[in-house]
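Student: Dumping the structure here so I can ask a few things about it.
The values are calculated or read from the model by the stated rules, or taken from the named source; none is laboratory data. Because the structure is a prediction, the values reported are computed rather than measured. Quick reminder, even Gly has a Cβ in these numbers, built from the backbone with ideal geometry, and neighbours come from all protein chains shown. Keep in mind that these areas ignore ligands, DNA and RNA; they rest on the heavy atoms of the full protein, side chains included. Shrake-Rupley method; radii C 1.70, N 1.55, O 1.52, S 1.80 Å.
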Amino acid sequence: MILVALIWGGNFSVSKFAMHQIPALTFSGLRFVLASGILLFITKRLGAWRSLPRRTLWSLAGLGVVGNTFYQTAFMTGLSITTATNSAMIVAILPVLVTVLGSLLGIERASALMWLGVALGTAGVLLVVTARGVQLHSGELTGDLLVLFATVCWSFYTVGVLRAGKGVHPLQITAVTTAGGTPGLFLVGLPGLIRQDWGAVSGKTWTALAYAALLSLVLSYVLYNRAVQGIGSARTAIYNCITPLMAMLVAWLTLGEVPLGIQLLGVVLVIGGVLVSVASRPSRDSAVVPE
């Protein structure tokens, strides 16, 4: 899980770099086409694929649209116009959002400790988003809001999987939902795919695409699901707190995104909120966290 956190932390800056040459939605569509094919192959190869009831299959595919098509469209668009650091900090509030949704939908009762985590995480995100001032016409603020919307979409996906994916192998859930979200991502990225001058794409950009598809999606998803089975979801989820720290460090070193002091305070609040929420949640929740 430390390796997964390092990969996901670097993915924000890697994707940001690649989007200098490949449009955000085209980049997202390409990496999901590649990743979904490989995930389906691995799932069948490892014997994790089972025949599912039609209702379960369509439910998981629908969740893939919410958790991948909607999430990735909003996330990649937002990342292209805001900073990698801001994006990482906002996505870090995911476990808190899942706690709120689970409580509101009656899936999981929230304790006082969970709500403390909600308050801390929300305050941290607000500090990150407003660190450079709130400007209604600011592209960066728009990007932050898109990333926040994307995180809400993944939260709905996570809560939905708790029901629709009951009894299904986690690797098969990942493969089905990834494949379910891929067609929509490919379609929204198709205009850019057609217009793109692929001969002008550098080797470094192709390497970034391979990183985002093979490492951030395929390898990390497989390792994450193995960790959930081996050490439990609650203990696995705690490692996700390393991701925003790595994302900020990588963005600082590679993109020159120097964090502000108030953003560092936001980091402390977000991670504190995540730790409090995760520590208070029962271990039966085996949600997959995106990159």
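Student: With all protein chains present and a 1.4 Å probe, how do ARG45, ARG50, ARG31 order by accessible area, largest first?
Tutor: Per-residue accessible area, sorted high to low, gives ARG45, ARG50, ARG31.
Student: Need the list of lysines near LYS44 for cross-linking: C-alpha distance under 21 angstrom, and skip anything on the same chain fewer than eight residues off.
Tutor: LYS166
Student: Sort 86-94, 60-68 by the packing proxy (mean of other Cβ within 10 Å over each peptide's residues), most packed first.
Tutor: 86-94, 60-68
Student: What is the gain in length, in nm to one decimal, between LEU223 and PHE41 on full extension, counting 0.36 nm per residue of separation less the C-alpha to C-alpha distance?
Tutor: So the extension gain works out to 63.9 nm.
Student: Cβ neighbours within 10 Å, averaged per peptide: list 4-11, 209-216 in order, most packed at the top.
Tutor: Per-residue mean Cβ counts within 10 Å order the peptides as 4-11, 209-216.
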